[in-house]
Amino acid sequence: SWHSQTHGRLFLGMYLAALLGNGFIITAVACDHHLHNSMYFFLLNLSILDLGSTSTTLPKPMTNSLWDTRDISYAGC
């Protein structure tokens, strides 16, 4: 339905924003040697953790919303 398609697009937008934002932080800290101090080291680690957690949790609700299903696999539980 239209409502679930809207949620799917919202999830997709949030996922892409998280990917782009965290990717930018990772790239900036890795490439600029002025950013190699402890604060940016922890920011880099936080971005990597956020990227990993977003990539494991958001795709399933996004696909469920786009395909209008509520399926969760047994292994996914």
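The values are calculated or read from the model by the stated rules, or taken from the named source; none is laboratory data. Source: prediction; values computed, not measured. Cβ placement follows ideal geometry from the backbone for every residue including glycine, while neighbour counts extend to all protein chains displayed.
Sort out which residues of region 1-54 are surrounded by 15 or more Cβ atoms within 10 Å (Cβ to Cβ), among the hydroxyl-bearing types (Ser, Thr, Tyr), at pLDDT below 95 and more than 22 Å from THR69 (Cα to Cα), and write them in order of number.
TYR40
From ALA18, ALA28, which residue is in contact with a helix residue (DSSP H, G or I) (Cβ under 9 Å, 6 or more places away or on another chain) and in contact (Cβ under 8 Å) with a residue 40 or more places away in the chain?
On the way: ALA28 fails: in contact (Cβ under 8 Å) with a residue 40 or more places away in the chain.
The conditions single out ALA18.
Given (1) exposed (fewer than 11 other Cβ atoms within 10 Å of the Cβ); (2) over 24 Å from GLY13 (Cα atoms), identify the lone condition not met by THR69.
(2)
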